[in-house]
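What follows is a short report on a single structure.
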Amino acid sequence: MARWRSWAAPPTPEQGARLSLSKISAPLKGAGRQRNIDTRARDIQAALRTQHLAVPAAVTAAFGATTNAAVHVIADLNRQISDLEGELATHFETRPDADIYRSLPGLGVILGARVLGEFGDDPNR
């Protein structure tokens with residue numbers, strides 16, 4: 001969820017406008033950015049603090065809750081995908097021809113398992 005925290009941190013414009021540079025920089029670093037972090041954080045902070053069209057507080061709160069929920073759903077889906085990849089890798093590696101599939105250029109565990117599923121593993125075919 002580290003990558004998605006930057007989306008969940010300020011779910012409403014008011015909360016976004018109050019973010020400090022360090023709170024903006026931390027998710028950028030956590031997402032793997034290495035260059036121009038301070039400049040990018042200042043740009044983001046300036047954008048968050050500019051005047052925007054206002055909507056009623058209830059609408060802002062509703063969209064904030066929606067954003068927060070969507071971020072948590074995406075983070076959970078990413079976790080489940082990661083779990084499935086691990087399970088797939090475990091089972092694919094037990095196949096006798098796994099080394100052959102992985103030796104093909106561009107085929108790793110995921111695509112190798114997909115090719116194995118398409119062609120099958122019957123040696124007498």
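Comparison of THR50, THR94 shows that the only residue that is exposed (fewer than 10 other Cβ atoms within 10 Å of the Cβ) and more than 19 Å from ARG18 (Cα to Cα) is THR94.
Scanning for something of a type in the set (A, V, I, L, M, F, W, C), in contact with a Ser or Thr (Cβ under 7 Å, 6 or more places away or on another chain) and either at pLDDT 90 or above or farther than 26 Å from ILE81 by Cα (or both), does the stretch 29-37 turn up at least one residue?
Yes, some residue in the stretch 29-37 is of a type in the set (A, V, I, L, M, F, W, C), in contact with a Ser or Thr (Cβ under 7 Å, 6 or more places away or on another chain) and either at pLDDT 90 or above or farther than 26 Å from ILE81 by Cα (or both).
Residues in the stretch 23-54 that are within 19 Å of the chain's Cα centre (by Cα), in a loop (DSSP other than H, G, I, E, B) and not polar (S, T, N, Q): ALA31, GLY32, ARG33.
For the stretch 18-45, a residue qualifies if it is loosely packed, with under 14 Cβ neighbours inside 10 Å and small (Gly, Ala, Ser), and the qualifying residues are SER20, SER22, ALA31, GLY32.
Of all residues in the stretch 22-38, none that is outside the structural domain of LEU48 (by TED's automatic domain parsing) has its Cβ atom under 8 Å from the Cβ atom of a residue that is assigned to a helix (DSSP H, G or I), 6 or more apart or on another chain. Criterion applied to GLU85, GLU118 was being in a helix (DSSP H, G or I), at pLDDT 90 or above and farther than 22 Å from ALA17 by Cα, and the one residue passing it is GLU85. Considering the conditions (1) outside the structural domain of GLN15 (by TED's automatic domain parsing); (2) within 22 Å of the chain's Cα centre (by Cα), ILE74 is excluded by exactly one of them, (1). Among the residues of the stretch 97-114, those that are under 17 Å from GLU87 (Cα atoms) and part of a helix (DSSP H, G or I) comprise ALA98, ARG102, VAL109, ILE110, LEU111, GLY112, ALA113, ARG114.
The values are calculated or read from the model by the stated rules, or taken from the named source; none is laboratory data. All of these numbers come straight from a predicted model, not from anything done at the bench. Methodologically, a virtual Cβ is constructed for each residue, glycine included, from the backbone with ideal geometry; neighbour enumeration extends over all protein chains shown.
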